[in-house]
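The block underneath contains the structure these notes are about, expressed in structure tokens.
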Amino acid sequence: MAEALEKTTESTLAMETIHGVEEDDDEDEEESDSEDSEEEIEPKLKYTRLANDVSNILSKDAASCIAIHTKFLALGTHWGTIHILDHIGNNIREKEILAHSTTVNQISIDDNGDFMASCSDDGRVIITGLYDESNQTVTFDRPIKAIALDPLYFKPSSGKQYVTGDDKLILNEKSTFFGRHKMTVLHQGEGPIRNIKWAGDYIAWANNSGVKVYDVVSKVKITKIDKDHDMRPDLCICQLVWRDEKTLLIGWGNKVKICVVKEQNKTDVKENVPLKYVEITAMFTTDFIICGIAPLATNVVVLSYEKNAENSEAGRVNAGRPHLLILDPHMNHYDEISNDALSIRGFQEYRCNDYHLEYLADDNQFFIVSPKDIVVAKIRDQDDHITWLMEHEKFEEAMAAASEHSKELKTHSYFAIGRAYLDYLLEEEAYDEAGRLCVKILGKRKESWEEEIYKFAKIQQLKLSILLLIPIYTYLLAIATYIPRSDPRLSSTIYEMVLNEFLSTDHERFFQLIKEWPSDLYDNDSIINAILGRLDREKHSELLLNSLGQLYVHQKAFDKALGIYLRLKHKDVFTLIHNHNLYDNISDKIIQLMDLDQERAVKMLLDNSETISVEKVLQQLNKSQSYLHVYLDQLVQKDLQGTQKYHGQLVKLYAEYDRTKLLPFLRRSEFYPLQLALEECEARDYVKEQVFLLGRMGNLTEALKLITERLQDVNHAIQFCMEQADEELWKNLIEYAMGNPKFITALLQNVGAHIDPIKVISRIQIGMEIPGLRDSLVKILQDYNLQLSLRDGCRKILVADSFKLLERMVKTRKRGVFVDESQLCPVCNQRLTVNDLRFASNLNVFHCRHAFHEDCLPARATNCIICNSIKKDRRPGTREHYLK
């Protein structure tokens, strides 16, 4: 058999999603408003209606049961036919089986999908070999309501067992004795058996009194779970399904139980008690009737039917929609995870037993079967999740999911989601956000970038076509910031289109892009022509002129750019000159540069004086004395000696524009005409400057006169006399002071170290009132005593130092001087020391470390003859003395 094809059916299921456990009608009405306002929750399942050949089958017949295998599905009908279909509803050729003459009650398939068993009210049990001719038909004399095939039926050694259910539960098998058919009654006497499920070693069945579990290996019933509701078993069939070989799910009436087969502790096993038992791990009661149950991991999937279906007068059922719920089971309660109302065809006329639920564990698919419809529910995958997010305009979450689960996606991609998000933002006119998103979405896709920008152009044309008064360029403003300039690099037409748009709508942004974008992205000539055309209408637009200047720089037309920058008084002109070495072009524009920024202009002129000579600068700046003063001031500070010829001119400029620098300059420089400087100061009545100049010219008396008469600053006069150190000048000052008591006080307090105070005191007229005289005299006496104390202290220090030096000299001379055995006498050139005492001689050792035999020295020699001769050779007039 060919495996089922995996593809999506063309027909999809219309469904309504419901959240929360259903309450009474009154409570629903009260909470309707609040539920409407709640955010819609994403469903857990997706639904498709099984179509293709199924549609033709159910248009002529009605489904009565279904069995699912990983390879195929078997659909039983009320006319007794079994259709073998793939999982998307296509007939598998030659696999339609005309099995029974009436309704097929139940179908069972072995684990390998090789054999299929079916039963019917016609009393026949048919076991069909799907891949061989080993078919078997067993006829009973009573209707067979349920059947279960041994999961290992396909194995030759399995015994070919199956279980049938009517009023009895019968185990059918092939006997080892001549291969005959053997029947064993496992249970009877509790009413009809309507459902059987076999998994592993265990068979579970349901009759009127409850559910039983039989252990095939130990051949004993291990449990009975009683029916605990009052619903008729024939109108509400018990639903059984094995989650695994030891976990049984039971849904019966409005009760759900989860049972686990466990083994007892061997030490606790009593006689005639089964080794295994069943423990109910979860159970709860619902508000609906269960007409199908299936496992989903640790949860359960339940197909529900309204508990109270209303009957019309004609006796027909008027039922509501069935629901498919995912429940988290607990003991005595459950948590509802999802609840979906299903749009089943003809649901209004169906009863509980008309619905069936089967599942395909490997793919988490659930098949909901009704007489005229089959719906398949699947766990929603990442593609479904992203689709739901996009439908609910949660694009950022969709992009995050696509990025995280990119390998799982089949129908969506990160890029496609991003483009859809961009389209959504454009529709919402969220242009800023769309611009930021472009980098993230479009990445390095050149064609996508160009397509997105052209899309804007279409939007723009549409806006203009409906006569909007304000052009819409917000999106372009947003996206222009993120347009790539390299990797990828778009066509020049794109960049020119963007620039032309901003040229028409936003000059500031246009200028910003001109500065930011490399000039090779677009055609400079075309943009320049566009700006010139715009300037014809807006002649005084600074932004346009700035943009034009920048473009001229790109073209290396620096003279044109320089002219524009100077016209605009743009401070970037200095950067332009520096970066492109335009110093030869500014010799006639120095005044304009000074108007723009004196400090930067002067610094530029001084730093490039080799290119722009001082003479050229002065020739320009002579037209503006204030600029000339600034320039020469900085020039002199940089090179005082090299600018001697400009010092006289600078004296006049300082006198006019900055007197605070005049006197320091007069003191520092010696290269200006003194008479010219004096005349300039006299003309402006600058007395302090005149005093300095007169002093430098030697006219000390006149200078002192200005100080005393014009400035009347006795401290200045005293300082002036101290600097000049002229006895006659002091006399003139004393003479002048005799007529001014304040001057006398200042002289007495300040000149004690320079002139004798007696000379001042003796000339004071008797009876003259001198302010602070007593304090001045006291200060003179204190200064005198201080001088005496200083002299005495110095004397004591000298005496102490002399004694210390003498002691050091004596101590040094008392030290012994080492004489080596190999040392020779400088006179006789013999060893100074000998071992034979007969030839020994006294030694004379001097502090200069020269040593001699006593017999070798002249009589009464007290000094070293070597050192003494050297000193004589160094007397004045000798060659050695001259060299020294």
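The values are calculated or read from the model by the stated rules, or taken from the named source; none is laboratory data. Quick caveat: nothing in here was measured; it's all calculated off a predicted structure. Heads up, the Cβs are rebuilt from the backbone with ideal geometry, glycines too, and the neighbour counts pull from every protein chain shown. Note: accessible area is taken over every heavy atom of the protein model, side chains too, but ligands, DNA and RNA are not part of it. Shrake-Rupley method; radii C 1.70, N 1.55, O 1.52, S 1.80 Å.
Taking ASN332 as the residue in question, decide whether it is open to solvent by 30 Å² or more (accessible area, probe 1.4 Å), more than 24 Å from ASN105 (Cβ to Cβ) and polar (S, T, N, Q).
Working: open to solvent by 30 Å² or more (accessible area, probe 1.4 Å): yes; more than 24 Å from ASN105 (Cβ to Cβ): yes; polar (S, T, N, Q): yes.
Yes.
Scoring ARG567 on the criteria (1) on the phi > 0 side of the Ramachandran plot; (2) of a type in the set (Lys, Arg); (3) in a helix (DSSP H, G or I) leaves a single failure, condition (1).
Listed conditions (1) over 44 Å from the mean Cα position of the chain (by Cα); (2) under 15 Å from VAL376 (Cα atoms); (3) modelled with pLDDT of 55 or more are all met by TYR47, apart from (1).
Which ones in the range 828-852 are more than 25 Å from THR812 (Cβ to Cβ) and assigned to a strand (DSSP E or B)? Even if it seems obvious, please write down each step before you answer.
Of all residues in the range 828-852, those more than 25 Å from THR812 (Cβ to Cβ) come to 828-831, 834-841.
Answer for the range 828-852, where residues must be more than 25 Å from THR812 (Cβ to Cβ) and assigned to a strand (DSSP E or B): just ARG831.
The set of residues from the range 201-215 being under 19 Å from ALA117 (Cα atoms) and assigned to a loop (DSSP other than H, G, I, E, B) comprises just one member, ASP201. One residue alone among ASP110, ASP114 is of a type in the set (D, E, K, R), crowded, with 21+ Cβ neighbours inside 10 Å and either at pLDDT 90 or above or in contact with a helix residue (DSSP H, G or I) (Cβ under 7 Å, 6 or more places away or on another chain) (or both), and that residue is ASP110.
Among the criteria (1) in a helix (DSSP H, G or I); (2) under 59 Å from the mean Cα position of the chain (by Cα); (3) not basic (Lys, Arg), the one SER587 does not fulfil is (1). Taken over the range 251-303, residues that are assigned to a strand (DSSP E or B) and either over 20 Å from VAL220 (Cβ atoms) or touching a Gly at 6+ places or on another chain (Cβ under 8 Å) (or both) amount to 24.
Any residue at all in the range 544-556 that's closer than 25 Å to ILE612 by Cα, surrounded by fewer than 16 Cβ atoms within 10 Å (Cβ to Cβ) and not aliphatic (A, V, I, L, M)? Taking every residue of the range 544-556 in turn, at least one turns out to be closer than 25 Å to ILE612 by Cα, surrounded by fewer than 16 Cβ atoms within 10 Å (Cβ to Cβ) and not aliphatic (A, V, I, L, M). Whether any residue in the range 743-764 is among the small types (Gly, Ala, Ser), over 26 Å from GLN675 (Cα atoms), at pLDDT 75 or above and exposed (fewer than 11 other Cβ atoms within 10 Å of the Cβ) is what I want to check. No, the range 743-764 has no match at all. Being of a type in the set (A, V, I, L, M), without any contact (Cβ under 8 Å) to a residue 40 or more places away in the chain and over 30 Å from ILE866 (Cα atoms) holds for only one residue in LEU837, LEU781, LEU805, and it is LEU781.
Does GLU391 satisfy the criteria of being out of contact with any Pro (no Cβ under 8 Å at 6 or more places or on another chain), at negative phi and open to solvent by 50 Å² or more (accessible area, probe 1.4 Å)? The answer is yes for GLU391.
Evaluate the range 52-68: report whether one residue or more is in contact with a strand residue (DSSP E or B) (Cβ under 9 Å, 6 or more places away or on another chain), at pLDDT 65 or above, of a type in the set (Ser, Thr, Tyr) and buried (at least 21 other Cβ atoms within 10 Å of the Cβ). Yes, because at least one residue in the range 52-68 is in contact with a strand residue (DSSP E or B) (Cβ under 9 Å, 6 or more places away or on another chain), at pLDDT 65 or above, of a type in the set (Ser, Thr, Tyr) and buried (at least 21 other Cβ atoms within 10 Å of the Cβ). Checked against the criterion of being of a type in the set (A, V, I, L, M), modelled with pLDDT of 90 or more, open to solvent by less than 20 Å² (accessible area, probe 1.4 Å) and assigned to a strand (DSSP E or B), the range 177-200 has at least one qualifying residue.
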